[in-house]
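Right, one structure below, let's go through it.
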Amino acid sequence: MYGIINRFFKDFFQQNFGEDEWSKIAKILDIEKLYFMGMKQYPDQITYGIVSVASEKLEIDQEKILYLAGTKWVDFILETEFNYVFKVFGDNLFDFMKNLDNLHFNVTNVIPGIKPPSFKCTNVTQDTLYLHYYSDRPGLDSFVEGLIMGLATFFNKKISITLQNSKDENNDHSIFFVVILGDRT
C-alpha cells in the first residue's frame with residue numbers, strides 16, 4: 001500500500017491511543033525509524049501488521065480498529081494535498097460515492113502502478129443504494145464501512161450501512177446497503 005495509508009494509520013494511533021502506544025507498535029514491527037512517504041509503495045504486510053499488532057497490544061478487535069480508522073480517513077485526507085477530491089467528485093454523499101472510481105482513476109494518474117479498489121453503486125434511489133466494493137486486498141470491509149460513515153459525517157448525513165455480502169470464495173466482491181436516514185443535527 002502507499003505511504004499515505006501507513007502515515008494515516010500512524011497518525012490515527014498517535015491521536016487516538018497516544019504516542020507511547022504507537023511507539024510500541026512501531027518497535028514490534030521494526031518501523032519506528034521509517035518515514036512513510038505518501039507516494040511511495042510499501043508492502044501491504046506493513047499496513048496489515050500495524051493493525052494486527054495494534055489489535056493485540058490494545059486488546060481491540062481488528063475489525064473495530066479498521067472501522068474506527070475508516071471513520072477518520074476523510075478528516076485525514078482533508079489535511080493532505082488530496083483534499084481537493086471533496087470539491088471535485090460530488091457535492092452530496094451519493095454523488096461522491098458514485099464517483100469513487102473516478103476519484104481512484106484520478107489517483108492512478110498521480111501515482112502510477114497503484115492498485116486501487118473499485119466501487120460501483122447500483123439500485124440508487126434518493127435515500128438508498130447498494131455499494132459494490134472490489135479489491136485484491138482482503139479483510140478491509142470494516143475500513144470501507146467506517147469510511148462510508150466518515151463520508152456521511154462530512155456530508156452532514158445520518159446513515160445506516162449494512163454489509164449484505166462479503167468477498168469470499170463464492171463472491172468476487174463485497175456489497176453494502178446504504179440508507180440515508182436524514183441530516184445530522
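Before moving on, here are some points about what is shown:
- When residues of region 1-26 are limited to those that are touching a helix residue (DSSP H, G or I) at 6+ places or on another chain (Cβ under 8 Å) and in contact (Cβ under 8 Å) with a residue 60 or more places away in the chain, the one surrounded by the fewest Cβ atoms within 10 Å (Cβ to Cβ): Asp11
- Residue pairs whose Cβ atoms lie under 6 Å apart, sitting 6 or more positions apart in sequence or on different chains, and linking a residue in region 100-127 that is on the phi < 0 side of the Ramachandran plot to a partner that is surrounded by 11 or more Cβ atoms within 10 Å (Cβ to Cβ) and in a helix (DSSP H, G or I), are Leu103/Val85; Ile114/Thr108; Pro116/His104; Ser118/Asp101; Phe119/Leu100; Phe119/Asp101; Cys121/Met97; Cys121/Lys98.
- In this entry, Ile175 is excluded by the filter for residues that are modelled with pLDDT of 95 or more and under 11 Å from Leu93 (Cβ atoms).
- Here region 53-79 is the region considered, the condition is being in a helix (DSSP H, G or I) and of a type in the set (Asp, Glu), and the residue that is farthest from Ile159 (Cα to Cα) is Glu56.
- Evaluation of Leu140 against the conditions (1) hydrophobic (A, V, I, L, M, F, W, C); (2) within 23 Å of Asp75 (Cα to Cα); (3) touching a Ser or Thr at 6+ places or on another chain (Cβ under 8 Å) shows that the sole unmet condition is (3).
- Where a residue in region 170-185 is touching a residue at least 60 places away in the same chain (Cβ under 8 Å) and closer than 10 Å to Ala152 by Cβ and its partner, wherever it lies, is aliphatic (A, V, I, L, M) and assigned to a strand (DSSP E or B), with Cβ under 8 Å and at least six apart: Val178/Leu129; Val178/Leu131; Val178/Ile159; Val178/Ile161; Ile180/Ile159
- The residue that is farthest from Thr125 (Cα to Cα), among those in region 72-99 that are of a type in the set (A, V, I, L, M) and over 14 Å from the mean Cα position of the chain (by Cα), is Val85.
- Residues that are charged (D, E, K, R) and surrounded by fewer than 18 Cβ atoms within 10 Å (Cβ to Cβ) number at least 1 in the following strands (runs of 3 or more DSSP E) confined to region 86-185: 118-122, 157-165, 174-183.
- Top-ranked residue in region 27-76 [being touching a helix residue (DSSP H, G or I) at 6+ places or on another chain (Cβ under 9 Å), more than 16 Å from Ile5 (Cβ to Cβ) and among the basic types (Lys, Arg); ranked as modelled with the lowest pLDDT]: Lys33
- Qualifying positions in region 40-58 - free of Cβ contacts under 8 Å to residues at least 12 places away in the same chain and either in the same structural domain as Gly146 (by TED's automatic domain parsing) or among the hydroxyl-bearing types (Ser, Thr, Tyr) (or both): Ser52, Ser55
- Of all residues in region 1-30, exactly one satisfies the criterion of being closer than 14 Å to Lys57 by Cβ and part of a loop (DSSP other than H, G, I, E, B), namely Gly18.
The values are calculated or read from the model by the stated rules, or taken from the named source; none is laboratory data. These numbers come from a predicted model, not from an experiment. Reconstructed Cβ throughout: ideal geometry from the backbone, glycine too, with neighbour counts over all protein chains shown.
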